[in-house]
Structures are given as structure tokens and as C-alpha cells.
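The values are calculated or read from the model by the stated rules, or taken from the named source; none is laboratory data. Keep in mind that what you see is a predicted model, and the values were worked out from it rather than measured. No Cβ is skipped: glycine too gets one built from the backbone with ideal geometry, and neighbour counts run over all protein chains shown.
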Amino acid sequence: MQHFISVDQLTEDELYALFETAESYRFRQIIKPYNQLFAANLFFEPSTRTKMSFIVAEKKLGMEMLDHHNENSSTRKGESLYDTAKTYEAIGADVLVIRDASDDWIEDISDSISIPIINAGAGQKEHPTQCMLDLLTIFQEYGSFDGLKIVIAGDIKHSRVAHSNAAALNRLGAEVYLSAAPGFEDTSLDFPYISMDKAAEMADVIMLLRIQHERHGVSCSMDNYLDQYGLTIERERKMKNEAIILHPAPVNRGVEIDTDLVECERSRIFKQMNNGVYIRMAIITKLLEDRGSTNENTINQCQTAFLSV
Ligand code: CP
């Protein structure tokens, strides 16, 4: 794997192998295989979870971290994302983690940059590392995706998570349903829409999404949204015994979900965040291994071995 742009690019075997690597990292005490390799985190959009869990993942792997700050960088002088990425490659970054509000950079950069690029959220279509941590969280719970009824509910139209997850879950054998208020549906996704009342009764997993006000360009009224389209306590009481609640977060408490449900027994929202660290470690590892990247210590060992022949 040269870059990690979409979950679609992974075979099922590769996807499950990443789960295995993630789980093995969770239980290892000392993990510093990549000291002296550099990771550049280029976030052109706000992020807490994705950015910080990449930083934790990189530090656990022993990497040096180049934390790009837009406000102090030459992007303020008009430098493009493409030239910024080329610059980090030129100065020695070994992996680039990129988030941007658009996805039109992906093709150019993937074709022209030889170091691994990880899509940390692009445009409205893809958020593949979020998708991987969501899949891992469901897999931990059920051990399989086959026949699971999974409802993705909320602002489907503007959610990159919905697009990545619907496709991946469908491929893995889950039954995918969508639930959205009028105006938040996306007809490009070919899955049945159901009400939140129905979702609560039949779902094994309800995956809630926040309303992405920043992508609408206009603010809309949220009066009665929770009662009509969100996960209320009344609906949660109708969920199956084993059913779980996911949300990529940030959560708008009291809008798409009652605030008391965010940390309820069914909620795996903070578990998802924890899984994010380990699945990102696994993705970085696969990219560096596939590229044959190695650190100075390994090079020194190779040179010593060479000189002693
Ligand atoms: N889920 C997610 O992508 O959160 P951040 O925007 O905080 O990274």
C-alpha cells in the first residue's frame, strides 16, 4: 500500500490484518520501531480527535512529529496544499497525514509524492481512518459484520464519515440503513431510509452523526431536531439489549443525541476514540513497512553488517 486514501483500496484480508496489528499494539508496553522517522501532520481544517490520536500514534511508534500550524506557515503567503506537501517531502518527512475541506488535492498529491500519504478527512466523501476505527469498534463487539443491521443517522449529506462507512459496511456484509431529516439525505447513497423510531427498534448499531453546520454555509434551526430525528432516551429504551451507539464526535449534546446517552452503557463513543490511536498506529506501520522505510539505527546496523563482511 503506497498511500491510505480510502477504505475501498483495502482487500478484506488487509483490513482484518490492520485490526490484528491494532490489537497487538494495544497490549505492547514498549513500541518505538520508527525513531528517527518523521511524520508531518498537515491539518487545514480543525480537528481534535484525528489530529491528536495521530500524534499519540506517532509518538508511541517512536516517530518524530512535524506539527504544521497553518497560522504560522507559508500557506498564509498563498502556498498551496500541493507545494506544502512537496516541501515536507523535500525536507525529509517519511509520512504525511492530511486533512482538508476539499478532496481535489488527492489525485495530484498521490501521483506526485512518493512518501506515504494518509487521508485524515477530505471533502465530504472520505474519512478512512475514522471508518477503520468505527469498523474495529463494531468488530470488537460482534466479531463479524455479517447480517448486522447498522443505521447511520443524521446529516448524511454533508458527512464524509457516512460515505466511507456505508460503503465499507456494505462490502463487509452488514445491512446498512440511513436515517435523516429532510434536506440531510444523500440520494447518491443507495441504501434504504428509515425513521429513528424504526432504527431504535431494529438496529444492532446506531451510528449517529452531528449536523455539519460548517459545510452548509447557512445555519438552520435545531428546534425539535432531537425529538424528531435524534436519539432520545425514549428511543434508546426501545433498542435491542445488545445494541450499541457510535458517534464519530464531536457530539452536539442534546441535538442528535440526548446528553445522558453520550456516556451511557450502550455508548462506545469514547471507545471509538481509544481505538483511533491503535488503528492509526497500524495504518502508519503498514505504509512504512510496505515502503521499506527504516530508521538510522537500522541503517547503521546494515552498514556495520556490510563493513564486517
Ligand atoms: N471524528 C473526528 O474526525 O473528529 P475531529 O474532527 O475532532 O478530528
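Can you list residue pairs whose Cβ atoms sit under 6 Å apart, with the first residue in region 62-73 being surrounded by 13 or more Cβ atoms within 10 Å (Cβ to Cβ) and the second being among the basic types (K, R)? Count only pairs 6 or more apart in sequence or on different chains.
G62/K32
Which ones in region 159-183 are buried (at least 19 other Cβ atoms within 10 Å of the Cβ), within 24 Å of N119 (Cα to Cα) and of a type outside the set (A, V, I, L, M)?
Correct list: S159, R160, H163, S164, N165.
Determine which single condition S6 fails, assuming it passes every other condition in (1) more than 13 Å from A168 (Cβ to Cβ); (2) touching an Asp or Glu at 6+ places or on another chain (Cβ under 7 Å); (3) of a type outside the set (D, E).
Condition not satisfied by S6: (1).
Restricting to region 253-293, count the residues that are free of Cβ contacts under 8 Å to residues at least 60 places away in the same chain and in contact with a helix residue (DSSP H, G or I) (Cβ under 9 Å, 6 or more places away or on another chain).
The number of residues fulfilling the criteria is 13.
Out of M132, M65, report the one residue that is within 30 Å of R268 (Cα to Cα) and not assigned by TED's automatic domain parsing to the domain that holds T285.
Every option except M132 fails the conditions.
Could you check how many residues of region 100-133 are more than 16 Å from the ligand (Cβ to nearest atom), out of contact with any Leu (no Cβ under 8 Å at 6 or more places or on another chain) and among the β-branched types (V, I, T)?
Number of matching residues: 1.
Residues that are among the hydroxyl-bearing types (S, T, Y): list the strands (runs of 3 or more DSSP E) wholly contained in region 81-184 that include at least 2 such residues.
Passing ranges, in order: 175-179.
Determine if region 161-170 includes at least one residue that is modelled with pLDDT of 95 or more and within 30 Å of N35 (Cβ to Cβ).
Among the residues of region 161-170, not one is modelled with pLDDT of 95 or more and within 30 Å of N35 (Cβ to Cβ), which makes the answer no.
For the subset of region 32-85 comprising residues that are basic (K, R) and under 27 Å from C131 (Cβ atoms), which member is nearest to the ligand (Cβ to nearest atom)?
Checking each candidate, the answer is R49.
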